[in-house]
Amino acid sequence: MELKAGYLPGIKADNVDWQTLTYDRGGQAIDVSVPLLSEEQMKDLSARIKEASQQYLKSLTVSDITATIDAAVARLLDRKDTYRQQSEEYLPLITGYDAEMIRLGLTGYLKNFRQPELRRFIAEDFMNPKILDEFQPLPKGGYGKAYGPDLIAHIWAGNVPGLPLWSLISGLLVKAGNIGKVASAEPLMASWFARLIAEIDPELGKCLAVVWWKGGDVDQEQALLNQADLVVAYGNNDTLQQIRDRTPITTRCLTYSHKVSFGMISRAALDTGKAWEVAHQAAYDIVRYDQQGCYSPHVFFIEQGGAVTPQEFAQFIANELDCFEEKFPRRALTIEEAGDVAAWRQSEEMKSFSEGNAAIMSGASGAWIVAYSEAEEDLVPSGLNRTAKIIAVNQLDDVPARIAPYKAFLQTVGIAGPPEELHRLAGLLGAVGVTRISALEHMTSPEAGWHHDGRFNLLDLVTMTEVERSAETAAEAYSNYVD
Amino acid sequence: MNFDGKIIVVTGSSRGIGAAIAKAFASEGATVIVNYVQNASAANGIVTACKEAGGDAIAIQADVTSGEQIQALVDQTLMDFAKIDVVVNNAFKPYTFDPDNRKQFADLDWQDYQGQLDGALFSTYTMCQTVLPALKKRTQGSIINIASDLVARPTIPYHDYTTAKSALIGFSRNLAAELGPLGIRVNCVAPGLVYPTDASRQTKERIKEMIIAQTPMRRIASPEDVTGPVMFLASDWSRFMTGQTLYVDGGLVMK
């Protein structure tokens, strides 16, 4: 079985150099052909997308665009649709993630892009969404209109299936042409989405493309970066630094780097009735996509003094991870990933020798590891792939000071605690750089319109053209009705 | 547990729980009769898996609601292997466990009940009638009937299905009482919701989460969870147990 990734409007498949990527993580080997454009082709493609964006996309209203995206997403949600069916069939084989986890994950994720959610998305960044369609009065006086760039270059990561849709859809909503470079780890979902858009609105289909090159291929990357008006890139700090260095100085470059997220459990959530439910939710956040997301928790801080002790809570989480292994088995690890898990375990074991109550728990299958500690430990990323550190603390209020040194890496905190504590902690956490606070069980599914890493998904993409009050006033002097 | 040389018939074993049971017996050295009614390629896949697991297997097509076809299955098994040690009555009439779209009592007609009684009880009755002469001849054997924990706790009232499974337990106890003196044991295994199987695929996450929250072991059964108790009841380790029902549902039902 061979699948084709990529979406290249206006380029004949025969004129493209195709490479084959072989995947063997889901128990059945599968080949995916990915397109490798020449520099000239990349340049031509960029020019065409820019032109289509100027001529067609910019003439649509935001409502037109949301309607098309909604129609595409509706098909991806419809389990009878062939796109949905191939997503359910092939994404597990490509990524190795459990098929059920992907099926449920896709539905939960795609629901964020239905029309009401898209409107929420826009309203979150634009007080008056019509500012994307036409000049609107500004509170300070004068008029303004928000313009999306003609071409956004997206350089995506492949850690979680479907993730490229966030930035691709954001680009479309601000009427930008888009060329997205998919990661080898998951090249299909963005390609299918682009094809779906083209099926629903062929003209809109000319305003986006999905390309590929081997990570680190400087020439390919440079060819796209040179053409883009704006770059949105995801990856580790080294990769992002290189992309930023190669982006022309006049082109804005938005980067989303690796983050660390964690959970906090108040003693109020640790009574005998609620503790299990909380552990169930925490374990779900660990299990979902095997901690590959920036919002996935690595550590849980557990407050002492509840009816269920932090140590017992760690045991609850361990048992929940064991249960989830039955429901959503962890994917087969690569050698590197298995090495990371082993190294983390070893380092946790070393630490545990010097600490009386420390414990390492793991399943018979080795598919999860929980390390428990009562020591004053720093926030260290876990070994990923269902490895988590449970740290007992006297009080949750002590945690922000401990994590403050890691400001640049902090993202989501899942909190289980009463309202007054939630709001007090939110203030303390926000001050040290945390950008998102969610309930447990929701850490890995941000709500529609969330501010990724605290930034504005749409607002960051546009430029404003303002007609200042002075221009309006001055124009009056030249009107034919001037007295 | 060693089932070397044992001949095990598992009805409805091309998929779901039956397939897991077939493979589990094979992995302990048994020869398994993989019975199926429609999907020959799935059944052949299970036969291959059984052989790879270290046992032996053959696939035999037979609709368990047909006396003639069951007779043919038993005849062929006895012709090939000369004996039968264990029968697992696992097949049932296709039923979709969809809590949101289940029929309410007022919507059920007797045919619904009759269909389930035929699928669960008549098929087991027929299989037992057919296979017993061979078991009696050797005054040994173990019959295991797959029921459901819904019998004890109708979390969702699937009337027709659960009523038939309740009858199956009563049937098994009577047969156990009669066959005990002949050294033949009859027991039931009553799983909770088993996921994933073709029958349970329509069960929504919400229902699964509700059951999980009430289940002490905090998860839903997988087909493999059912295999251990079935093999236990098939083996000499349970040689003094008959007429029993083992609930395999993580403690949802405690009896």
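The values are calculated or read from the model by the stated rules, or taken from the named source; none is laboratory data. Worth saying up front: this structure is predicted, and the values here are computed from it rather than measured. Heads up, the Cβs are rebuilt from the backbone with ideal geometry, glycines too, and the neighbour counts pull from every protein chain shown. Surface accessibility is based on the protein's heavy atoms, side chains included, excluding ligands, DNA and RNA. Shrake-Rupley method; radii C 1.70, N 1.55, O 1.52, S 1.80 Å.
Mind checking which residues of the range A:156-177 are closer than 15 Å to A:T251 by Cβ and in contact with a helix residue (DSSP H, G or I) (Cβ under 6 Å, 6 or more places away or on another chain)?
Quick first cut of the range A:156-177, residues closer than 15 Å to A:T251 by Cβ only: A:171, A:176-177.
A:G177, the sole residue that qualifies.
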Quiz item: For the range B:196-215, does any single residue satisfy the condition of being away from every other protein chain (no Cβ under 13 Å), within 15 Å of the chain's Cα centre (by Cα), surrounded by fewer than 19 Cβ atoms within 10 Å (Cβ to Cβ) and not charged (D, E, K, R)?
Solution: no
Quiz item: Here are A:T107, A:T22, A:T66, A:T82: which of them is of a type in the set (V, I, T) and touching a residue at least 40 places away in the same chain (Cβ under 8 Å)?
Solution: A:T66
Quiz prompt | From A:A52, A:A72, A:A29, A:A47, residue being modelled with pLDDT under 95 and over 19 Å from the mean Cα position of the chain (by Cα) | solution = A:A29
Self-check item: Single residue of the range A:432-446 satisfying the filter (of a type outside the set (S, T, Y) and touching a helix residue (DSSP H, G or I) at 6+ places or on another chain (Cβ under 7 Å)) that is surrounded by the most Cβ atoms within 10 Å (Cβ to Cβ)
Solution: A:M443
Quiz item: Residues A:Q55, A:Q85, A:Q41: which one is out of contact with any helix residue (DSSP H, G or I) (no Cβ under 6 Å at 6 or more places or on another chain), crowded, with 18+ Cβ neighbours inside 10 Å and either within 14 Å of chain B (Cβ to nearest Cβ) or not aliphatic (A, V, I, L, M) (or both)?
Solution: A:Q41
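Considering only residues of the range A:286-299 that are in contact with a Pro (Cβ under 9 Å, 6 or more places away or on another chain) and more than 15 Å from A:Y97 (Cα to Cα), which is nearest to the other protein chains (Cβ to nearest Cβ)?
Top of the filtered list is A:Y295.
To keep it simple, each residue is scored yes or no on (1) of a type outside the set (K, R); (2) under 21 Å from the mean Cα position of the chain (by Cα); (3) open to solvent by 20 Å² or more (accessible area, probe 1.4 Å).
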| residue | (1), (2), (3) |
| --- | --- |
| A:E374 | yes, no, yes |
| A:D378 | yes, no, yes |
| A:P381 | yes, yes, yes |
| A:T387 | yes, yes, no |
| A:I390 | yes, no, no |
| A:V393 | yes, no, no |
| A:D397 | yes, no, yes |
| A:R402 | no, no, yes |
| A:P405 | yes, no, yes |
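Count, please, the residues in the range B:134-147 that happen to be open to solvent by 10 Å² or more (accessible area, probe 1.4 Å) and assigned to a loop (DSSP other than H, G, I, E, B).
Selection size over the range B:134-147: 3.
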Quiz item: If you take the residues in the range B:217-238 that are part of a loop (DSSP other than H, G, I, E, B) and at pLDDT below 95, which one is nearest to B:I7 (Cα to Cα)?
Solution: B:S222
Quiz item: Is it the case that the range A:322-332 has a residue that's among the acidic types (D, E), open to solvent by 20 Å² or more (accessible area, probe 1.4 Å) and in contact with a strand residue (DSSP E or B) (Cβ under 7 Å, 6 or more places away or on another chain)?
Solution: no
Quiz prompt | Filter pass, A:R195 being at pLDDT 95 or above and either buried (at least 24 other Cβ atoms within 10 Å of the Cβ) or under 24 Å from A:S87 (Cβ atoms) (or both) | solution = yes
Quiz item: When residues of the range A:210-259 are filtered for being surrounded by fewer than 21 Cβ atoms within 10 Å (Cβ to Cβ), among the β-branched types (V, I, T), touching a residue at least 12 places away in the same chain (Cβ under 8 Å) and not in a helix (DSSP H, G or I), how many remain?
Solution: 2
Quiz item: Out of curiosity, is B:L246 crowded, with 19+ Cβ neighbours inside 10 Å, away from chain A (no Cβ under 11 Å), in contact (Cβ under 8 Å) with a residue 60 or more places away in the chain and not charged (D, E, K, R)?
Solution: no
Quiz item: Just wondering, is there one or more residues in the range A:464-483 that are open to solvent by less than 50 Å² (accessible area, probe 1.4 Å) and under 23 Å from A:I122 (Cβ atoms)?
Solution: no
Quiz prompt | Residue list for the range A:110-128, filter: assigned to a helix (DSSP H, G or I), surrounded by fewer than 21 Cβ atoms within 10 Å (Cβ to Cβ) and not hydrophobic (A, V, I, L, M, F, W, C) | solution = A:K111, A:N112, A:Q115, A:P116, A:E117, A:R119, A:R120, A:E124
Quiz prompt | B:G250 being among the small types (G, A, S), modelled with pLDDT of 95 or more and assigned to a helix (DSSP H, G or I) | solution = no
Exercise. Examine the range A:288-302 for a residue that is assigned by TED's automatic domain parsing to the domain that holds A:P381, outside any strand (DSSP E or B) and surrounded by fewer than 18 Cβ atoms within 10 Å (Cβ to Cβ), and state whether such a residue exists.
Key: no
